[in-house]
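Let me begin by presenting the structure, written as structure tokens, before commenting on it.
Readers should treat all values here as calculations from the given coordinates under stated rules, not as data from a laboratory. Quick caveat, the model's predicted, so the values are computed rather than measured. Note that each Cβ is placed from the backbone with ideal geometry, even for glycine, and that neighbours are counted across all protein chains shown.
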Amino acid sequence: MSVNGRTAIVTGAGSGLGEAAARRLAGEGARLVVADRNPDAVERVAKEIRAAGHEAVPFVADISVFEQARELVEFAVSSYGGLDLAFNNAGITPRLVDVHEIEPQDWLDVIRVNLTGVFFCMKAELSHFVDHGGGAIVNMASTAGVMAHAGRAAYSASKHGIVGLTRSAAVEYARRGIRINAVAPGPIDAPSAQGLPPEIRAQIAAKTAMNRPGTMEEVAGVVHFLLSDEAAFVTGSVYEANGGQTQL
Ligand SMILES: NC(=O)c1ccc[n+]([C@@H]2O[C@H](COP(=O)([O-])OP(=O)(O)OC[C@H]3O[C@@H](n4cnc5c(N)ncnc54)[C@H](O)[C@@H]3O)[C@@H](O)[C@H]2O)c1
């Protein structure tokens with residue numbers, strides 16, 4: 001069994017990698033809660049998934065507010081009668097700036113959304129999983145969570161934090177039927193990169209051994225694998241999907 005018939009939350013599903021993962025999981029038979037802080041985006045994505053013949057309901061939540069993360073899990077349970085899977089993907093990327101120039105508020109915002117938001121989602125999801133016999137979680141890290149990312153220290157710190165949170169929680173919950181992994185993509189041809197000039201896109205591609213950015217579908221494939229029973233013995237891993245970037 002893959003993810004067929006399982007209920008899954010995807011956060012940040014209104015755009016980019018989260019949207020691609022939501023489409024992939026729904027296509028594999030999962031019953032989706034499409035969550036994002038952008039109301040128009042969740043409506044659009046859920047509607048398009050349903051139009052393709054799959055199951056999806058929208059939910060508006062700012063996952064950096066614990067109450068909203070908790071309500072998201074409650075909504076999934078009340079909509080489908082349970083919760084089995086979660087992809088905690090929502091995140092923000094700050095502008096390029098050296099450490100001494102990071103505005104204190106910008107630092108706080110990145111940590112609040114990227115790291116604290118993932119913790120808030122995990123806290124709510126795990127409370128349900130512990131009481132209902134298990135589940136699987138994938139957290140969105142980044143290559144910036146496993147190596148230096150000059151100019152984006154706050155972002156890199158938030159993603160390194162997600163890696164530590166993932167590994168520690170994986171050990172805590174491994175004997176309770178709960179698997180927790182992270183995916184760490186390198187440069188991806190996501191909407192945020194699609195408007196960049198060709199020379200910048202070439203520079204970004206050259207950071208990978210494959211000399212190309214990944215596709216959103218390639219990352220969605222890793223997320224699907226980690227959430228599925230194919231990965232039944234995989235927990236605490238940080239799956240790099242970066243075309244060999246960290247080997248150069
Ligand atoms: N694009 C890349 O190349 C890349 C590479 C590695 C990791 N990532 C990570 O993947 C994730 C998604 O990136 P993307 O490129 O698809 O970005 P994106 O901006 O296209 O999508 C992010 C989505 O998250 C939502 N969001 C942001 N803050 C939120 C909050 N507090 N509550 C709920 N929703 C919120 C946004 O509304 C948006 O729909 C991020 O965590 C990012 O760090 C992206």
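At a glance:
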item	result
Local electrostatic count at G236 - Lys and Arg +1, Asp and Glu -1, tallied over other residues with Cβ under 13 Å	+2
Reciprocal mean inverse distance between Cα atoms of the chain - Kirkwood radius, Å	18.0 Å
Gyration tensor over alpha-carbon atoms, the range 122-245, equivalent ellipsoid semi-axes in Å	30, 15, 12
Globularity ratio of the range 2-135, using Cα Rg and 2.2 N^0.38 Å	1.08
Among E230, E43, E71, residue whose mean-square fluctuation peaks in a GNM of the chain (springs only between Cα atoms under 10 Å)	E230
Contour minus Cα-Cα distance for E74 and A51 (0.36 nm per residue)	5.8 nm
Sum of side-chain charges, L72 neighbourhood, beta-carbon under 15 Å (Lys, Arg +1; Asp, Glu -1)	-3
Among V60, V130, V110, residue whose mean-square fluctuation peaks in a GNM of the chain (springs only between Cα atoms under 10 Å)	V130
Point-to-point label distance, H132-E101, nm (Cα→Cβ direction, 7 Å offset)	4.7 nm
Order of L32, L17 under a 10 Å beta carbon neighbour criterion, fewest first	L17, L32
The chain, relative contact order in percent, only Cα pairs under 8 angstrom and at least six apart counted	20 percent
At R0 = 25 Å, FRET efficiency that the Cβ-Cβ distance of V234 and A209 yields, to 0.05	0.60
Sparsely packed chymotrypsin sites (Phe, Trp or Tyr not before Pro) within the range 187-248, loop by DSSP, other Cβ within 10 Å at most 14	F233
20 Å Cα-Cα reach of K123 towards lysines, excluding residues that sit fewer than 8 places from it in its own chain	K159
Top of H54, H100, H132 by mean-square fluctuation, Gaussian network on the chain, Cα under 10 Å	H100
Dipole magnitude (debye, nearest 20) for the chain, charges at Cβ of Lys, Arg, Asp, Glu	380 debye
